[in-house]
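Report on the structure given below.
All of the numbers you see were taken from the coordinates with simple rules; none came from a lab. What you see is a predicted model, and the numbers here were worked out from it, not measured in a lab. Methodologically, a virtual Cβ is constructed for each residue, glycine included, from the backbone with ideal geometry; neighbour enumeration extends over all protein chains shown.
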Amino acid sequence: MTRAPIYLTTPIYYVNDKPHVGHAYTSLATDMTARFKRLDGHEVHFLTGTDEHGQKVEKAARDAGEDPQAFTDRVSTSFRELARVMGFSNDDFIRTTEDRHKRACTALWERLVAKGEIYLGHYEGWYAVRDEAFYGPDELTERDGVKYAPSGAPVEWVREPSYFFRLGAWGERLLSFYEANPDFIAPPSRRNEVLSFVKSGLQDLSISRTSFTWGVKVPGDPAHVMYVWLDALTNYITALGYPDEGAPLWHFWPADVHFVGKDILRFHAIYWPAFLMAADLPPPKRVFAHGWWTIEGQKMSKSLGNAIDPVALIEEFGLDPLRYFLLREVPFGNDGDFARAALIARLNGELADQLGNLAQRTLTLMQRNCDAVLPEPGAPGDAEAALVAAGQGLVAQVRSLIDEQKFDQAIAAIFALVREANGYVTQTQPWALKKTDPARGVAVLRHLHDALRLAATLLQPVMPETMAKLLYQLGVPAEARAIAALAVPLPGGLPLPAPAPLFAKIQAG
Ligand code: ME8
């Protein structure tokens, strides 16, 4: 049975510089969800890509002494490469300089014009190139004669002819939409932020620029290029075939979750649903704005130059420990600090000592005491009560935590089972049973094997490579690694390959 289609997206990243851990993080959360949903029987479409137009990218190309198209071709590749090295399972990678995207933007613009939602006027106000955003005078602070947006980006006074979207008329409809869809903005703390911004009154939005040319041309008025955010947000429907609403992927719309950082929530939670509703398209079901990572207590940013390279981290710690750490360390939605010591502590303490050891001890004993063959399943008794209780309902619990984007708690719930299994080993001492009660010894190992299979199956979305190794060592055939397969105990008699360590400990330093 295939369950409902699920559409998950990451932001499309600006190609003004190399990717860093912050970008990897949002895509990782999306990847983990996509993998879980596939494993749980859903048809999934997972989109990521690059945002290649606008003044900021044009400036970066100029600074690099390159033509914008050549520059974006080059930098976009590094984001594609990031997806590869991070093991992301995206189904598509969109670039806003592609023809399919220009077509979608043009069609959406024309639809908004036909609906009377766009008019030509004059823009005069404060613009931050770094954020590609307009700000009201009351949002700014001033230092040494320079005005800054709340994000810290300097703003400049801009005056030029511009097309406007009638955002000002959408306040009430947006508020009723938020009210009717209480889960649209997550986590809940972010919802209030959006609500109060909308309640304070929305201005019409300038959606074209004439002072530079690196963008999608406005249909019928090529002196204007579209505002980069209108262009960028449209990527989510371009990828499904818009404007062809009969396209093979169109049934994925509306998106289930747009994963974004808190810095770009306003665009996704206010502008985007307004554009869509104005074009008579359904808004996305949910926008999740996660928190901000610092590095060893320091702000991470491309412009500050201390950005951290995910490739170097993977080389040092391994991909799966990095994936595990990022998803486990910080409740999704909160800010977090990336500290090497914390990563090493989790790798050594949780991955190597708890999970790695449990697998190694169990599987080594099974080689010796079960002749490397999986014993028949047995009914749990009193001694297994706590172990069984830790596994019971775990699938449903993990599923619902992932649906709420509580990734750290989902992982913690799986590790509670691992901890219980380690306690069970200490309590039953299966290595000693070979002499005193071999049948019981075999039964204990089988219970441990069941617990490991459950944990490994559920951890696949977090650590795909290592859990593939573990499931192989557990003798679980490829077709029995989905979540639905957990309902059926593995038949006895499966051969168990020789185990090998899953995680290498790292010396702190
Ligand atoms: O905003 N911690 O692109 P962008 C956590 N092109 N996440 C971080 C981070 C950090 N320190 N730094 C970056 C754009 N991110 C637009 C998006 S979408 C239609 C257009 C992540 O390259 C986080 O997801 O500036 C943030 O929202 C995103 O990178 C910003 O990427």
Inverse of <1/r> over all distinct C-alpha pairs of segment 354-445, i.e. the Kirkwood Rh in Å, gives 14.4 Å
Per residue, the convex hull volume that the Cα atoms of segment 402-488 enclose (Å³): 104 Å³
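Hey, got a sec? Which GluC sites (Glu not before Pro) in segment 20-96 land in a DSSP loop and have at most 15 other Cβ atoms within 10 Å? Intermediate values should be presented prior to the final figure.
Working: sites: Glu43, Glu52, Glu58, Glu66, Glu81; in loops: Glu52, Glu66.
Counting only loop positions with at most 15 other Cβ atoms within 10 Å, the GluC sites (Glu not before Pro) in segment 20-96 are Glu66.
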If unit charges are put on Cβ atoms (+1 for Lys and Arg, -1 for Asp and Glu) and the dipole of the chain is taken about its Cα centre, the option from Tyr472, Ala412, Ile308 lying farthest towards the positive end turns out to be Tyr472
Enter the per residue convex hull volume of the chain, computed from alpha-carbon coordinates, in Å³ rounded to the nearest integer. 156 Å³
For Ala341 and Glu139 in the same chain, what is the full-extension length gain: residue separation times 0.36 nm, less their Cα-Cα distance, in nm? 68.9 nm
Take peptides 224-230, 477-483, 17-23, 283-289 and line them up by average Cβ neighbours within 10 Å, highest first, as a rough protection proxy. 224-230, 283-289, 17-23, 477-483
Using Cα positions and a limit of under 22 Å, work out the lysines in reach of Lys102, with same-chain residues fewer than 8 apart set aside. Lys56, Lys59, Lys115, Lys217
Whole-angstrom gap from segment 1-42 to segment 124-190, using each part's C-alpha centre: 26 Å
Site Ala223, offset 7 angstrom along Cα→Cβ, radius 16 Å on amide nitrogen, limited to segment 145-179, gives 159-164
Say the dipole of segment 61-196 comes from +1 at the beta carbon of Lys and Arg and -1 at that of Asp and Glu; which of Ala114, Tyr148, Ala186 then lies farthest toward its positive end? Ala114
Check: segment 80-170 dipole with +1 on Lys, Arg Cβ and -1 on Asp, Glu Cβ, in debye: 340 debye
What whole-number value in cubic angstrom gives the convex hull volume per residue for the C-alpha atoms of segment 450-509? 92 Å³
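Quick one: Kirkwood hydrodynamic radius for segment 67-226, alpha-carbon pairs, angstrom, one decimal?
Details: mean 1/r = 0.0536 Å⁻¹.
Value: 18.6 Å, from the Cα pair sum.
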About the Cα centre, charge dipole magnitude for segment 296-417 (Lys/Arg +1, Asp/Glu -1 at Cβ), debye: 140 debye
Tell me the label-point distance for the pair Ala312, Leu175, using the 7 Å Cα-to-Cβ offset, in nm and rounded to one decimal. 4.9 nm
Which lysines, if any, have their Cα less than 23 Å from the Cα of Lys37, not counting same-chain residues under 8 positions apart? Lys285, Lys406, Lys469
Under a Cβ-only charge scheme (Lys and Arg +1, Asp and Glu -1), can you give me the dipole magnitude of segment 440-509 about the Cα centre, in debye to the nearest 20? 180 debye
Helix 188-199 against the longest principal axis of the chain: what's the angle in degrees, Cα atoms only, rounded to the nearest 10? 10 degrees
